[in-house]
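The values are calculated or read from the model by the stated rules, or taken from the named source; none is laboratory data. Everything numeric here is computed off the predicted structure, so don't read it as measured data. All Cβ positions, even for glycine, are placed from backbone atoms using ideal geometry, and neighbour counts span all protein chains on display. Side chains included, ligands, DNA and RNA excluded: accessible areas come from the protein's heavy atoms. Shrake-Rupley method; radii C 1.70, N 1.55, O 1.52, S 1.80 Å.
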Amino acid sequence: MDTEARRNQSATRARSLSAVQEMNPHEAVNHFFDRAADHVKLSDEMRDILRTSYRELTVQVPVRMDDGRVMVFSGYRVQHNAARGPYKGGIRYHPDADIDEVRALAALMTWKTAVVDIPYGGAKGGVQCEPTIMSVGEKQRLTRRFTTMISYILGVNRDIPAPDVNTDAQTMAWMMDAYSSRYGYTPAIVTGKPIELGGSYGRDAATGRGVVEVLGEAARDLGIDVSGATVAIQGFGNVGSWAARLIGSLGVKVVAVSDVGGGIHRADGLDVQALYDHVAESRSVAGFPGAEAITNPELLELDVDVLIPAALDRVVNERNAGRVKARVVVEAANHPVTPAADAILEDRGVVVIPDILANAGGVTVSYFEWVQNIQQFRWDEARVNDELHKTMARSWKEVHARSAVDGIPLRLAAYAIAVEKVDRAEQLRGYI
Ligand code: NAD
């Protein structure tokens, strides 16, 4: 199909999608899956299997709060598919974490681990809570109880959690301890642990580093000169802050950053290390000296070359996609671009590097951590970063080649590769 015909098709798709309202997260992930299933001519039986989760566990987690009250939080662990290896995926603490969101993120993990070809399936977990107003003690009690309640479906060769939004190495240490106190010392039960407890060098930076690696590879292969280019990054947590700190290696200038507290913009470029120190002290990018204040919606529409959404899902949607000025969008967050927005960006010729490829650096180094725990042999940071680079570069090349050969967008190419791999694994194991 030529470019013009493709654009007409995506414009039609954008119109029909916006006519039916934005989809919920799980419908959206399945929308992308369905397109790939059509493209690779997946059988109806396999389509039914892969559109749904294998197992969904909902638990009610009672926690004694510091003021003596008991609060009950809803927690979820969804296992989507394990044809290619144990279930793998992060645990998110957020007020919006619900079964639909967790279900969508679990499916994304299946496609992500397949795109980068690491031997895992897909899972995700979440607890609906507001961690920013909880004490350390409350978060620890919540984490321990939640881990115990889902421990029956976890296992080193069954399901291995990791950090995600509002969870970190400390959360993983509590999870490991809660699991180990029941089943014996088991460092490989979670990844993203502190180094002292069997964590991997390079894991903390891995997702942000992978984002930068993929952007570098894409720029080279697509003939986009990023030296001197500008970038706006939404989110300055684990992923956004590491992407901001590492992107200078490509010659890209960070001109805007935001977080839940607001955004900042400086056309001449921000001093990222100074910003990092500012956030360590004040807990938000807002108020950084020498920069003008902007809102999160304004950041997404800034006149920059590259946009990196690295916070939450669905921030680029049918309402603002037409005003995104960046030529390249790198999906560091999971599902930051809705299907309707995706079609609009495609129609406008914006290059979108999809989440299942762009942010796969985290799960890749999680895999390296798991391997090190099982082998009881630690790699140095240079080896971790070198293996990460090889994985991200190879995966980009495969997605780019598929996109070029089949004449399809990068997202569809990534999903097509992933769906074929999972389908093949299911067939080989004789599931149907
Ligand atoms: P994090 O909790 O470390 O940081 C989240 C950031 O988003 C913070 O800066 C927070 O202030 C900001 N944020 C929260 N709500 C916001 C809002 N309403 N508007 C603007 N900013 C807001 O989380 P993270 O680990 O950096 O994850 C960010 C994204 O990357 C998520 O979509 C996550 O699923 C995805 N991801 C994370 C990893 C990982 O290894 N941590 C791996 C793959 C994908």
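For residue 259, list long-range residues whose amide hydrogen, built 1.01 Å from N in the peptide plane, is under 5 Å from its own amide hydrogen.
Amide H to amide H, under 5 Å and 5 or more residues apart or across chains, residue 259 pairs with 235, 285.
Name the residue from 191, 222, 82 whose Cα lies farthest towards the positive end of the charge dipole of the chain, charges +1 on Cβ of Lys and Arg and -1 on Cβ of Asp and Glu.
Final value for the positive-end residue is 82.
Residue by residue through region 278-285, what is 3J(HN,Hα) from phi via Karplus (6.51 cos²θ - 1.76 cosθ + 1.60, θ = phi - 60°)? Round to whole Hz and write x for glycine and proline.
4, 5, 4, 8, 9, 6, 8, 6
In the full protein assembly as shown, how much of residue 98 is accessible to a 1.4 Å probe, in Å² to the nearest 10?
Only protein atoms counted, so the area is about 60 Å².
Stick to the Cα atoms of region 231-372, pair each with every other, and give me the Kirkwood hydrodynamic radius in Å at one decimal.
15.3
Taking N as the number of residues in region 301-418, what is its alpha-carbon radius of gyration divided by 2.2 N^0.38 Å? All intermediate terms of the calculation are to be shown ahead of the outcome.
Details: Rg = 16.3 Å, N = 118, 2.2 N^0.38 = 13.5 Å.
Cα Rg divided by the expected 2.2 N^0.38 Å: 1.21.
Grab the eigenvalues of the alpha-carbon gyration tensor for region 251-293, scale each by 5, take roots, and send me the semi-axes largest first in whole angstrom.
They are 16, 11, 9 Å, listed from largest to smallest.
Express the C-alpha Rg of region 154-238 as a ratio against the empirical globular expectation 2.2 N^0.38 Å, rounded to two decimals.
Normalised by 2.2 N^0.38 Å, the Cα Rg of region 154-238 equals 1.45.
Using only Cα positions of region 304-355, each an equal point scatterer, no hydration layer, compute I(q)/I(0) via Debye at q = 0.20, 0.21, 0.23 Å⁻¹ and quote the log10 values to two decimals.
Rounded to two decimals, the profile gives -0.55, -0.61, -0.75.
Once amide H atoms are placed 1.01 Å from N in the peptide plane, what residues at a sequence separation of 5 or more from residue 89, or on another chain, have their amide H within under 5 Å of its amide H?
HN-HN under 5 Å from residue 89: 123, 160, 162.
Size of the dipole of the chain about the Cα centre, Lys and Arg at +1 and Asp and Glu at -1 on the beta carbon, nothing else charged, in debye to 20?
Taking the Cα centre of the chain as origin, the dipole is about 960 debye.
Could you check how much of the accessible area of region 212-278 is carbon and sulfur, as a whole percent, using a 1.4 Å probe?
50
Based solely on C-alpha atoms, express the radius of gyration and the Dmax of region 192-284 in angstrom.
Just the Cα atoms of region 192-284 yield Rg and Dmax of 14.2, 43 Å.
Could you derive backbone 3J(HN,Hα) for region 320-335 from the dihedral phi with the Karplus parameters 6.51, -1.76 and 1.60 (θ = phi - 60°), listing whole Hz in sequence and x where the residue is Gly or Pro?
3J(HN,Hα) across region 320-335, in whole Hz: 10, 4, x, 9, 5, 9, 4, 8, 10, 10, 10, 7, 6, 6, 7, 6.
Residue by residue, what Karplus-based ³J(HN,Hα) values in Hz, rounded to whole numbers, does region 106-118 have, using 6.51, -1.76 and 1.60 with θ = phi - 60° and x for Gly and Pro?
Values per residue, Gly and Pro as x: 5, 5, 4, 5, 4, 6, 5, 5, 6, 4, 8, 6, 10 Hz.
Express the accessible area of the chain per residue in Å², computed with a 1.4 Å probe while the remaining protein chains stay in the model.
Roughly 40 Å² per residue, with all protein chains present.
Separation of region 274-292 and region 384-423 by C-alpha centroid, Å?
Between the Cα centre of region 274-292 and that of region 384-423, the gap is 36 Å.
Report, please, the projected area of region 139-296 averaged over directions, based on the convex hull of its C-alpha atoms, in nm².
11.3
Is it possible to state the helix-based mean residue ellipticity at 222 nm for the chain, with each DSSP H run of 4+ residues giving -39500 (n - 2.57), the sum divided by total residues, to the nearest 500 deg cm²/dmol? What is it? Working shown, then result.
On the way: 15 runs with 205 residues, N = 432.
Computed mean residue ellipticity for the chain: -15000 deg cm²/dmol.
Could you give the alpha-carbon Rg of region 254-336 over 2.2 N^0.38 Å, rounded to two decimals?
In units of the 2.2 N^0.38 Å rule of thumb, it is 1.06.
Can you give the Kirkwood hydrodynamic radius for the chain, in Å, rounded to one decimal and based on Cα pairs?
In the chain this quantity evaluates to 21.8 Å.
Which percent of the accessible area of region 280-432 is formed by carbon and sulfur heavy atoms (probe 1.4 angstrom)?
After summing per-atom areas, the C and S share lands at 51 percent.
Where the centre of each part is set by its Cα atoms, how far does region 209-227 sit from region 80-137, in angstrom?
So the separation of the two Cα centres works out to 27 Å.
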